[in-house]
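A short reminder: the numbers here are calculations on the coordinates, not readings from a lab. Small disclaimer: the values here were computed from a predicted structure and weren't measured. Reconstructed Cβ throughout: ideal geometry from the backbone, glycine too, with neighbour counts over all protein chains shown.
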Amino acid sequence: MLILLPPSETKRSGGVGISIDKLAIIWAALDPARDVLIEKVAKVCQKPKLAQQIFKLGPKNLSDLEANKQLLTAPTMPAIERYAGVLFDALDYPSLGDEAKVRVQEQLFIQSALFGLLPATEKIPYYRFSAGTRLPGIKLKELWIEAHKAVWPRLTRPILDLRSKAYAELNPVPDGCNLSN
């Protein structure tokens, strides 16, 4: 069984000095959509006032603009460790035993608005971008639905969809795959 989770708006900073390796990120079919979003996010962040509105940032979160400008060179960590908050804190991935970590690696996926569907252990940078973000000229739902058409056929096990409505709408599970949502 595959389990789909939403990301968390709360993220841990830091990571190792390894930036995104597009060759290592699973499903190269998502790269064109990722490239469009990363480029657009970085461009928007060049205009701080506009970016503040688009990403709904208060004065305390302005450092997120700088993080968004450096997505391709920023340190990374596994998505399951990058995300924080109730769900991810309760899962407490670092405390899991080896067998449980293997199950997480093989069965758990996280739907990112910026990176698409990610295996939980995929390494990603810190970023600010949610399913509700409206980038000028980008129809996020259309972009991700089209991009994931090549991914869904690879997911052959039953799927338990635990994503929030906003994230499930970005990339709906095709009919016949889903056990629950």
Cross-link table K43/K141; K49/K101; K47/K101; K101/K139, entries beyond 32 Å C-alpha to C-alpha: K49/K101; K47/K101; K101/K139
The simple spin-label model distance between A100 and L72, using points 7 Å out along Cα→Cβ, in nm, is 3.9 nm
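What does the helix-only formula give at 222 nm for the chain: each DSSP H stretch with n ≥ 4 adding -39500 (n - 2.57), the total divided by the residues, and the result rounded to the nearest 500 deg cm²/dmol? Let's see the in-between values first.
Details: 8 runs with 63 residues, N = 181.
Taking each H run of at least 4 residues, the total per residue is -9500 deg cm²/dmol.
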Out of residues 5 or more away from I124 or on other chains, whose amide H comes under 5 Å of its own, with H placed 1.01 Å from N in the peptide plane? M77, A79
Beta bridges by DSSP in the chain, antiparallel share as percent, to the nearest 5: 55 percent
In whole Hz, what ³J(HN,Hα) sequence does segment 51-66 give by Karplus (6.51, -1.76, 1.60; θ = phi - 60°), x for Gly and Pro? 4, 4, 6, 4, 8, 6, 9, x, x, 6, 9, 5, 5, 5, 5, 5
Skipping prolines and chain starts, which residues have an amide H placed within reach, meaning under 5 Å, of the one on L2, given they are 5 or more residues away or on another chain? I159, L160
Could I have the simple spin-label model distance between K141 and V36, label points 7 Å from Cα toward Cβ, reported in nm to one decimal? 1.6 nm
Counting alpha carbon pairs within less than 8 Å and at least 6 residues apart, what relative contact order, in whole percent, applies to the chain? 34 percent
Residue range of the chain that is longest and free of trypsin sites (Lys or Arg not before Pro) which are both DSSP loop and sparsely packed (at most 15 other C-beta within 10 Å): 57-133
